[in-house]
Amino acid sequence: SPQRSPGSQVRFRLEIVRVIDGREASLEDNFLNTLIGEPVSYAFRLTDTPAAEAVMIELKPLRLHANIAEIDVEITGKMTLDEEVIVIGRTEHWLASRGATSTLAFEAGDPPSGYRFRITARF
């Protein structure tokens, strides 16, 4: 069978922002590198207890169209809000311009609390 050749490289800048009652505080920045068709993920868990807040993001760039990237985004996890455990999981399909930043919200309540992930695709 023919050898599989790697796709074009895509680099994601991922900024993690904590949101408490609508106020934002930037926590950290990460760079995730992958190839077209290959997923890359980021995850965290606050403590080792079963009720700990935990989030996992998977980014899978599917295609490049000139200056546009087609990306599947999946987020799953749980957080505690007013002593209630909230479980969130969803998949989104994004079209992102080169260098444009998109926000993926993982939050609940009004005003919202949780996390925002600012994702910038570079390719």
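Every number in this text was worked out from the coordinates using simple rules, so none of it is lab data. Keep in mind that this is a model prediction, so the values were computed, not measured. Ideal geometry is used to build each Cβ from the backbone, glycine not excepted, and the neighbour counts take in all protein chains shown.
Taking a virtual spin label 7 Å from the Cα of His65 along the C-beta vector, which residues in the range 80-123 bring their backbone nitrogen under 19 Å of it?
Only 92-102, 121-123 pass the distance filter.
Label-point separation (nm) for Arg18 and Thr80, each offset 7 Å from Cα along Cα-to-Cβ?
So the label points at Arg18 and Thr80 sit 1.4 nm apart.
Go through the range 17-61 and name the chymotrypsin sites (Phe, Trp or Tyr not before Pro) that are in a DSSP coil and have 13 or fewer other Cβ atoms within 10 Å of their Cβ.
Listed in order of number, the matching sites amount to none.
Roughly what would the spin-label model give for Arg11 and Ser102, points 7 Å off Cα along C-beta, in nm?
2.0 nm
Quick one: which residues, 5 or more positions from Ala52 or on another chain, have an amide H under 5 Å from its amide H? H modelled 1.01 Å from N in the peptide plane, none for Pro or chain starts.
none
Once you charge only the Cβ atoms, +1 for Lys and Arg and -1 for Asp and Glu, what is the size of the charge dipole of the range 1-107 about its Cα centre, to the nearest 20 debye?
660 debye
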